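The values are calculated or read from the model by the stated rules, or taken from the named source; none is laboratory data. It should be emphasised that the depicted structure is a prediction, and the values quoted were computed from it without experimental measurement. FYI the Cβ positions are ideal-geometry reconstructions off the backbone, even for glycines, and counts take in every protein chain you see. These area figures cover heavy atoms from the full protein model, side chains too; ligands, DNA and RNA do not enter into them. Shrake-Rupley method; radii C 1.70, N 1.55, O 1.52, S 1.80 Å.
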Amino acid sequence: MTDVQFTPRVFSGIKPSGGLTLGNYLGAIKRWVAMQDEATENIYCAVDMHAVTVWQDPAALRQGTREIAAGLLAAGIDPGRSILFNQSRVHQHAELAWVFNCVARVGWMTRMTQFKDKAGANSEKASLGLYAYPSLMAADILLYHGTHVPVGEDQKQHVELTRDIAAKFNHDYGVDFFPLTQPVIEGPGTRVMNLRDGSKKMSKSGDSDMERINMLDDADTIAKKFKKAKTDPAPLPETVDGLTDRAEAKNLVDIYAGLTDQTAEAVIADYAGAGWGTFKPALADLAVSKLAPVSDEMKRLLNDPAEIDRTLEQGADKARDIAAPILDRTYEIVGFLSS
Ligand code: AQP
């Protein structure tokens, strides 16, 4: 462990590789908004350089980046209290990532389960960027000496890798320069699953739109997606233990819990014995009531893209002010000569 005390600083990001989903909202955004009330500096980022690890249409990438910014602002991220920007506007991310590419070991990257999931059987054809992406993620966090990273369950392994990179850098150069970052994975909804297959997580870029709830879906679409969500024939059980081995049923209960900030136990206490004909419409109504105010505000903000771009640029200026001295010091530690 490093013995240096670092100021608590939160960093997290979302990839503009498609529209925001309910998974992003429950697993990340809701927590980010709440963290603004805690005694931390908060830095939130649309990680567009991660998005291009798989092919992105340039116009869709620009739109997706603005949509993330609009989603975060609409959900309650306040640019007066948090720094909000897009990653590619702060060139220090890529530069620190190169240093970390030289610190991280190939074996560490090979163990990353998300690479295996995303590259699938065709890993030889995956981009080098997709393989190295956890090293860029470590740079995103450590460029700000981020101490806490609120993420969904799926990103835990990458935050652990960030700690490994920080520890190896500190050890190799005999410094206490980078903090050992903590993942913050709390509350219900940290792993929202695909509505058609409860063994896979809900993703922005899954094959079918019916697998996910998009933040910009209208009320009818949300109701239709929950109605068609895969379940089993049994009613909801009397206790949460009865959800074991019922991945799809458990997912819908967890989503309900995430949307109401309750535990799954509390949801089951209210719906024990209920059939899907009762539970699914209740869940759809709940989702619409929680998401509609956010999506309405998102649509309003997206009508003025120039204003979103200005907000992101102001955030990038503030981000650079923190990042530049940390990268400069890293270069000095590594031994890069400067004039
Ligand atoms: N299904 C999910 N449940 C809970 N949390 C989730 N997050 C994403 N999906 C879920 C959390 O949202 C934050 C941003 O993640 P991301 O969108 O940048 O990256 P990802 O996890 O790779 O997202 P996708 O949707 O799977 O992207 P695609 O399909 O484009 O590859 C993170 O904190 C993540 O944990």
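Residues in the range 152-172: is at least one open to solvent by less than 40 Å² (accessible area, probe 1.4 Å), assigned to a loop (DSSP other than H, G, I, E, B), within 23 Å of residue 292 (Cα to Cα) and touching a residue at least 12 places away in the same chain (Cβ under 8 Å)? Checking the range 152-172: at least one residue is open to solvent by less than 40 Å² (accessible area, probe 1.4 Å), assigned to a loop (DSSP other than H, G, I, E, B), within 23 Å of residue 292 (Cα to Cα) and touching a residue at least 12 places away in the same chain (Cβ under 8 Å). Taking the criterion of being open to solvent by less than 70 Å² (accessible area, probe 1.4 Å) and more than 12 Å from residue 79 (Cβ to Cβ), the residues of the range 305-322 that qualify are 305, 306, 309, 320, 322.
Has the range 4-12 got at least one residue that is in contact with an Asp or Glu (Cβ under 6 Å, 6 or more places away or on another chain), away from the ligand (no atom under 12 Å from the Cβ), outside any strand (DSSP E or B) and farther than 25 Å from residue 257 by Cα? Yes: one or more hits.
Against the numbered list (1) assigned to a helix (DSSP H, G or I); (2) within 16 Å of the ligand (Cβ to nearest atom), residue 95 comes up short only at (2). The set of residues in the range 11-20 that are crowded, with 24+ Cβ neighbours inside 10 Å and either free of Cβ contacts under 8 Å to residues at least 24 places away in the same chain or farther than 14 Å from residue 50 by Cβ (or both) contains only 20. Report yes if some residue within the range 194-202 is outside any helix (DSSP H, G or I), under 17 Å from residue 27 (Cα atoms), open to solvent by less than 50 Å² (accessible area, probe 1.4 Å) and touching a Ser or Thr at 6+ places or on another chain (Cβ under 6 Å); otherwise report no. Yes; the residues of the range 194-202 include at least one that is outside any helix (DSSP H, G or I), under 17 Å from residue 27 (Cα atoms), open to solvent by less than 50 Å² (accessible area, probe 1.4 Å) and touching a Ser or Thr at 6+ places or on another chain (Cβ under 6 Å).
Scanning the range 194-213 for residues that are within 11 Å of the ligand (Cβ to nearest atom) and farther than 16 Å from residue 280 by Cα yields 200, 201, 202, 203, 204, 205, 206, 207. Restricting attention to the range 38-56, and to residues there that are more than 13 Å from the ligand (Cβ to nearest atom) and assigned to a loop (DSSP other than H, G, I, E, B), which single residue is most open to solvent (accessible area, probe 1.4 Å)? That would be 39. Consider the range 232-278 and keep the residues that are part of a helix (DSSP H, G or I), among the charged types (D, E, K, R) and open to solvent by 50 Å² or more (accessible area, probe 1.4 Å). The one that is nearest to residue 194 (Cα to Cα) is 250. Could you give every pair whose Cβ atoms fall below 9 Å, whose first residue belongs to the range 100-120 and is of a type in the set (Ser, Thr, Tyr), and whose second residue is open to solvent by less than 70 Å² (accessible area, probe 1.4 Å) and within 16 Å of the ligand (Cβ to nearest atom), counting only separations of at least 6 or pairs across chains? The qualifying pairs are 110/131; 113/154; 113/157. Applying the criterion of being more than 20 Å from residue 74 (Cβ to Cβ) and polar (S, T, N, Q) to the residues of the range 203-226, the residue that is least open to solvent (accessible area, probe 1.4 Å) is 203.
Pairing each residue of the range 215-229 that is assigned by TED's automatic domain parsing to the domain that holds residue 252 with any residue that is open to solvent by 20 Å² or more (accessible area, probe 1.4 Å) and of a type in the set (Val, Ile, Thr), provided the two are 6+ apart or on different chains, yields C-beta distances under 7 Å for 219/288; 222/288.
Give the residue, chosen from 131, 144, that is aromatic (Phe, Trp, Tyr) and open to solvent by 40 Å² or more (accessible area, probe 1.4 Å).
Details: 144 fails: open to solvent by 40 Å² or more (accessible area, probe 1.4 Å).
On inspection, the qualifying residue turns out to be 131.
Looking at this structure, is residue 95 modelled with pLDDT under 95 and assigned by TED's automatic domain parsing to the domain that holds residue 155? It is false that residue 95 is modelled with pLDDT under 95 and assigned by TED's automatic domain parsing to the domain that holds residue 155.
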